[in-house]
Structure formats: structure tokens, C-alpha cells
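Novice: Below is the structure I would like to discuss, written out as C-alpha cells.
FYI, it's all coordinate maths here, none of it is from the lab. Just so you know, these numbers come straight off a predicted model, no measurement behind them. Note: ideal-geometry Cβ built from the backbone for every residue, glycine included; neighbour counts use all protein chains shown.
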Amino acid sequence: MFFALVGPTGVGKTTTTAKLAARCVVRHGADKLALITTDSYRIGAHEQLRIYGRILGVPVYVVRDATDLRETLASLRDKHMVLIDTMGMSQRDKMVAEQASMLTGAGKVSRLLLLNATSRGDTLDDVIRAYAGDNLTGVVLTKMDEAVSLAPVLDVAIRHQMDVYYVANGQRVPEDLHLPDRSALLDQALRELPANSPFRLDPLEAGLMMASTGQANISSARGGF
């Protein structure tokens, strides 16, 4: 199985790769896993993954283009799992499409998109639209421990019908990576904001917003005839 972790900068791809690698080593052994990094732009980016690789006893390969990736994956086809740590880039960067094409052309690589739970819903919408594609298998929710509310990230995942593979709630490797618990996630998403939060709506404000939305819908419908 080939999995590539993709997403914007700073979302935690390298750390999450290490967490997944540690889980795989515990379950299947170090000889069944290989790590690849395609990030040759950031200074020392691949060194971080190499450190994790040495700790786990897992080989780390640095690839620089589509041909290099394809040949490396072919040489690793006997592994139970290969994890690919990719370069982070803005969802509005044209290189997102190039990255997706490189991964698709390398073989049966499934992409896991990392979503920052502290981001706004419209930003997350933008991220998913940019990274969408046939080989986008699901999402990993990161920075859960930093988010005041999980409602935006869960709303986006549900609306785009994305499978949530894991949730990450800290920097510890591998402790801070968990399988999603539906009840716990919903509880956190629907939890009321603190009384002193400037984003908290009182009952009157919520009612006015609902009434305004309903009136807009009625006006729109009338204008259509």
C-alpha cells in the first residue's frame, strides 16, 4: 500500500507521517515499511524524516521528480506499506495539480489530505476543492488540541463526504494520533462556546439570523417567477 500525505504548509505532514510509521512498525515490523519524502525545497526538510527513520529502523528515500518516485516505488513493491511525505503548498499554488499528477503517474498511490482543525470553514473548503481527485482517499484532522471548536472541520469533511482516517491532537510520536471516535467528535463539535467568547450567539441573535436567512430564501424564490 502506498499512501501520500498531502496538504498546505504547516499542517503537520512530516510529524503525522512519523506517527503512522510508528504504528505500522509496532503492528508489522520495521522491515515491512519504507518512508519517502518529495520535499527537496525546504532546508533540512528531509533530515527531520531521516531522524524518525533512524529511530524506527526504517529506510528513508528522497525523490526529486516523477521518474525518481516511480522507480523508487517499484523497488519497494514488496513492502507492506510505503508512506510518502510531500512538500506543503498553498491550495492556490498551481503546483498542487502538478504534485497530484506526479503521485498519480507513479502508480497506485492513495492520497490522505491533512486538514488543520484550527482553520476557518471557507479556507478548508478551498483546500479540499484544490486537492480533490480520484486518488484522494480521505482526510486526517490535525491540530485538534489547538482548535476551540471542531464544528468547521467536521462540517467540511461531512459535506465533501470525506472519510476521516485519523485525528491528531499533539506533537508526540506516536501517542498523539488516534482513530476517530464519532461520538467524541460530535460532542466536541456541538459543545457550547464559553460565555465570554466574542463568537458566541445569544438566543436573540440566533433567531434573527435564522429569520433573515428565511426571508432571503423567500425573496429569492419570488424573484424567480
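Novice: Cross-link candidates for Lys143: which aspartates and glutamates have Cα within less than 15 Å, leaving aside residues fewer than 8 places away along the same chain?
Specialist: Cα-Cα hits under 15 Å: Glu175, Asp176.
Novice: Between rounded, prolate and oblate, where does segment 97-194 land on the alpha carbon gyration tensor, with a ≥ b ≥ c its root eigenvalues, rounded for a/c under 1.5, else prolate if a/b exceeds b/c?
Specialist: It comes out prolate by the Cα gyration axes.
Novice: Decide, for segment 1-80, between rounded, prolate and oblate: order the square roots of the alpha carbon gyration tensor eigenvalues as a ≥ b ≥ c, take rounded if a/c falls under 1.5, and otherwise choose prolate if a/b is larger than b/c, else oblate.
Specialist: Since a/c reaches 1.5 but b/c is at least a/b, the shape of segment 1-80 is classed as oblate.
Novice: Mind checking segment 11-80 for chymotrypsin sites (Phe, Trp or Tyr not before Pro) that DSSP puts in a loop (not H, G, I, E or B) and that have at most 12 other Cβ atoms within 10 Å?
Specialist: Sites meeting the loop and neighbour criteria: Tyr41.
Novice: Sticking with this one: Give, in whole angstrom and from largest to smallest, the semi-axes √(5λ) of the equivalent ellipsoid of segment 51-113, with λ running over the eigenvalues of the Cα gyration tensor.
Specialist: Square roots of five times the eigenvalues give 22, 15, 10 Å.
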